[in-house]
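The values are calculated or read from the model by the stated rules, or taken from the named source; none is laboratory data. If you're wondering where the values come from, they're calculated on a predicted model, not measured in any experiment. Neighbour counts run over all protein chains shown; Cβ positions are idealised from the backbone, glycine included.
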2 protein chains.
Amino acid sequence: MKVKNFADRLLDAIDSKKNPSIIGLDSDFARIPAFLREGFKSRFADKFAAAGNCILGFNKTIIDAVHDIVPGVKIQSAFYEQYGPAGCRAFLETAKYAKGKGLIVIGDVKRSDIGNTSKAYSSAYLGKVPLFGSAQPGYDLDGVTVNPYLGSDGIRPFLEDCEKYGKGIFVLVKTSNPSSGEVQDLVSGGKKIYESVAGLVNGWGKGIVGKRGYSSVGAVVAATCPGEAAGLRKMMPRAIFLVPGYGAQGGSAPDVVQDFNSDGYGAVIHSARGVIFAYQNRNKEEEFGTAAREVAVKMREEIVGAMKKKGINPW
Amino acid sequence: MKVKNFADRLLDAIDSKKNPSIIGLDSDFARIPAFLREGFKSRFADKFAAAGNCILGFNKTIIDAVHDIVPGVKIQSAFYEQYGPAGCRAFLETAKYAKGKGLIVIGDVKRSDIGNTSKAYSSAYLGKVPLFGSAQPGYDLDGVTVNPYLGSDGIRPFLEDCEKYGKGIFVLVKTSNPSSGEVQDLVSGGKKIYESVAGLVNGWGKGIVGKRGYSSVGAVVAATCPGEAAGLRKMMPRAIFLVPGYGAQGGSAPDVVQDFNSDGYGAVIHSARGVIFAYQNRNKEEEFGTAAREVAVKMREEIVGAMKKKGINPW
């Protein structure tokens, strides 16, 4: 049986929710509501286990609150790795829980390495891992972010798993941080480095295009650079852009609309802190799920509104 | 009490073993001796736990076999992450065990992200993690590899922990894989991208120079490009080069000698598969520890021999 292409799966999920925005589970333990942290603290002798389980508990409430309105979630690995094995378990269980709710799960892991090591990373997050003569799914996410600095052979193992298992990758092209230009904006042969990377991404994605015309090889393109987004759209017409920087990092709805093609597809807008920690602007921290949902609904409305204004709303 | 600078610690460890080469624990489960895998398989109901514990057991034997002749080990995270939380535990316990044997432990994690996320990564691997009002060490490694694609603000949190906790980083400059040139060799303003990154590395390292004149900010420089190494040496005079690619990846002793300064310091040569899986060239897989030690001894002799030939052997 042929697996279903990742890009097709993602676009179908977007259609089903009429929403191209996803929620980032950048679940920084220190910002989780105090009542929740205290509750988990008393239940576990091991403090790392308490933190891991607290993060998982927090995430489940957020997922419960938004799963019917968003097509997927992105899990930022750093905030889990902090807590060692217990944090890894929180990552794994969060991914399982989100998948169980029908969400597309993207791991923001930004991995990359040389050939056989990249293969191990791809096995870990997308493919299957060798286990006593058989092969078993590891984290079994739908997609991951990857770093392009090592070139094609660091990416190839991921491409193979994308094809084999219907998974996807998002290659860092232009990131949202203030110093992203130090390497990414250097100019070589009349093109910025991130534009050269965009060319690589376009090539990597050609062999894995789904029925809906998009590739399983996407690109991370920061919403804080709207002019750049329009140019990159042309260089990678079949790539789905994973657009961070909405809300907390400064991107607005009119900015991110440039990341879409004229068919209204081709971008997934992402917000994390602004949604999951929205409770910090309210009186009751117990309502962190409701607060997150409200901001997620508002984000959808803003983005879909801006799409309508531009005449590219597909729903 | 002021912590001891990482570069000083590393050079002292190199002096104490009269050996600038370290062993890579790229402990690919599928290549661990079959007798060991079978032994662990029968002891654990959970197959991921069996794999994680098998990797840890394998590593302990390797560490026991080489700890008196090498200054440190490098742990390649990908081969651990494959096994989820159990793999993370194997990573953590391997690091603890190696530190207990007096070894410098470098995590080959190649992480990088935007500001607050990079901070979480740095806390995880080098610094301390927030835990119910206190701060606790996470993996507490001596150093990690990092990726420069996001520029300074992705690196800064690591620099802060390097200074605060006497830790180190090795920034990917020029990697050993065949397609490394696709991004790294692009030419901008008369310089290749990896040379521009070398300039950044030199800048990042200036504030964290130890008593022995080297910085806690090192660089990953591939031994497969000896001509490039000599040029990079001049661009980053105070950086310690972490040189992969010895042995299995094709680098030879005369090649890697170019990575050292004339004082005989400034490089750490690294070999993984060629050492830890040396048993595959022998009849008895039970002797994998002895086989690894023999290759490690040979690597030291070859490198120190080539240093002597060039007149830069400090011992």
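Under the condition of being of a type in the set (D, E, K, R) and in a helix (DSSP H, G or I), which residue from the range A:189-235 is nearest to A:Arg9 (Cα to Cα)? Let's see the steps before the verdict.
Of the residues in the range A:189-235, the ones of a type in the set (D, E, K, R) are A:191-192, A:195, A:206, A:211-212, A:228, A:233-234.
From the residues that got through so far, the ones that are in a helix (DSSP H, G or I) too are A:195, A:206, A:228, A:233-234.
On the way: A:Glu195: 27, A:Lys206: 17, A:Glu228: 27, A:Arg233: 21, A:Lys234: 23 Å.
Per the stated criteria, the residue is A:Lys206.
Restricted to the range A:140-179, and to residues that are among the hydroxyl-bearing types (Ser, Thr, Tyr) and buried (at least 24 other Cβ atoms within 10 Å of the Cβ), which residue is farthest from the other protein chains (Cβ to nearest Cβ)?
Step one: filter the range A:140-179 for residues among the hydroxyl-bearing types (Ser, Thr, Tyr), giving A:145, A:149, A:152, A:165, A:175-176, A:179.
In the following step, the residues that additionally are buried (at least 24 other Cβ atoms within 10 Å of the Cβ) were identified as A:145, A:149, A:175.
Details: A:Thr145: 9, A:Tyr149: 5, A:Thr175: 5 Å.
Checked the range A:140-179; the qualifying residue farthest from the other protein chains (Cβ to nearest Cβ) is A:Thr145.
Counting just the residues of the range A:39-51 that are surrounded by fewer than 21 Cβ atoms within 10 Å (Cβ to Cβ) and more than 8 Å from chain B (Cβ to nearest Cβ), which one comes out nearest to the chain's Cα centre (by Cα)?
Here the residue is A:Ala49.
Could you check A:Lys99 against (1) within 7 Å of chain B (Cβ to nearest Cβ); (2) out of contact with any helix residue (DSSP H, G or I) (no Cβ under 8 Å at 6 or more places or on another chain); (3) in a helix (DSSP H, G or I) and say which number it fails?
Tallying (1) within 7 Å of chain B (Cβ to nearest Cβ); (2) out of contact with any helix residue (DSSP H, G or I) (no Cβ under 8 Å at 6 or more places or on another chain); (3) in a helix (DSSP H, G or I), A:Lys99 fails exactly one: (1).
Of the conditions (1) of a type outside the set (Asp, Glu); (2) away from chain A (no Cβ under 14 Å); (3) without any contact (Cβ under 8 Å) to a residue 60 or more places away in the chain; (4) over 21 Å from B:Lys74 (Cβ atoms), B:Val3 satisfies every one except a single condition; which number is it?
(3)
Give the range A:52-73 a look and list any residue that's polar (S, T, N, Q) and within 14 Å of another protein chain (Cβ to nearest Cβ), or say none. Walk me through it before giving the result.
Residues of the range A:52-73 that are polar (S, T, N, Q), as a first pass: A:53, A:59, A:61.
Correct list: A:Asn53 only.
Exactly one of (1) more than 7 Å from chain B (Cβ to nearest Cβ); (2) crowded, with 19+ Cβ neighbours inside 10 Å; (3) at pLDDT below 95 is unmet by A:Ser112. Its number?
The single condition A:Ser112 does not satisfy is (1).
Going residue by residue through the range B:75-88, is there one that turns out to be crowded, with 24+ Cβ neighbours inside 10 Å, closer than 23 Å to B:Thr290 by Cβ and more than 10 Å from chain A (Cβ to nearest Cβ)?
Looking through the range B:75-88, at least one residue is crowded, with 24+ Cβ neighbours inside 10 Å, closer than 23 Å to B:Thr290 by Cβ and more than 10 Å from chain A (Cβ to nearest Cβ).
Of all residues in the range A:196-235, how many are more than 14 Å from A:Thr145 (Cα to Cα) and in contact (Cβ under 8 Å) with a residue 60 or more places away in the chain?
Number satisfying all stated conditions: 7.
In this structure, does A:Asp113 turn out to be in contact with a Phe, Trp or Tyr (Cβ under 8 Å, 6 or more places away or on another chain) and acidic (Asp, Glu)? Give the derivation first.
Values: in contact with a Phe, Trp or Tyr (Cβ under 8 Å, 6 or more places away or on another chain): yes; acidic (Asp, Glu): yes.
Considered against the rule, which asks whether it is in contact with a Phe, Trp or Tyr (Cβ under 8 Å, 6 or more places away or on another chain) and acidic (Asp, Glu), A:Asp113 comes out as yes.
Can you name the condition, by its number, that A:Ala124 falls short on among (1) within 13 Å of chain B (Cβ to nearest Cβ); (2) small (Gly, Ala, Ser); (3) surrounded by fewer than 24 Cβ atoms within 10 Å (Cβ to Cβ)?
(3)
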